[in-house]
Amino acid sequence: MNHQSSEQFEAGQVQWLRKPGDGERGELSCGVWTVTPEDAPEPTDLEIHQDETLYIVSGHLRVEVLGGQTLELTEGSMASFNQGAKTRWTVLKPTVEFFVYS
């Protein structure tokens, strides 16, 4: 990952492979998110604004779907969330995540 082409994200940094609004399908975007427990020291509540599918390259996240299951996402884990899902994210170890918004 080229950290020089990364930009600040809600927490941590993102390197976009396809930015929101690019191409004919503006709702489709993807990138690599890097985050540390120092970037997000407290659990973060997040409503999913687009369908999101992710793959954990390295690290450890806990994602609680409010009213549903809690996922322990570590290296090699994958998950997918529907638009509108209410979630709580906890960064437990420095994490690199590949994500797709659609």
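No lab work stands behind these numbers, since they all come straight from the coordinates. Every value quoted in this text rests on a predicted model; they were computed, and no experiment measured them. Cβ sites come from the backbone with ideal geometry, for glycine too, and all protein chains shown count toward neighbours.
Residues whose amide H comes within less than 5 Å of that of Thr87, counting only those at least five positions distant or on another chain, are Leu46, Glu47, Ile48, Leu66 (H built at 1.01 Å from N in the peptide plane).
Only loop residues by DSSP count here, and only those with at most 15 other Cβ atoms within 10 Å; note down the GluC sites (Glu not before Pro) in the range 17-58 that meet that. Walk me through the intermediate numbers first.
On the way: sites: Glu24, Glu27, Glu38, Glu47, Glu52; in loops: Glu24, Glu27, Glu38.
Of the GluC sites (Glu not before Pro), the ones in loops of the range 17-58 whose Cβ has at most 15 other Cβ atoms within 10 Å are Glu24, Glu27, Glu38.
Report D for the range 3-101 in µm² per second (integer): Stokes-Einstein, Kirkwood Rh on Cα pairs, 4 °C, 1.567 mPa s. Walk me through the numbers on the way to the answer.
Values: Rh = 13.7 Å.
The diffusion coefficient I find is 94 µm²/s.
Projecting the Cα atoms of Leu54, Ala11, Trp89 onto the charge dipole of the range 3-101 (Cβ charges, centred on the Cα centre) puts Leu54 farthest toward the positive pole. Counting neighbouring Cβ atoms within 10 Å and putting the fewest first, the residues Leu46, Leu61 line up as Leu46, Leu61. What you get for the chain, charging only the Cβ of Lys and Arg (+1) and of Asp and Glu (-1), is a dipole of about 140 debye around the Cα centre.
List the relative contact order of the chain as a percent without decimals, with contacts defined as Cα pairs under 8 Å and 6+ residues apart.
Working: 248 pairs, mean separation 32.8, N = 102.
Dividing the mean separation by the residue count of the chain yields 32 percent.
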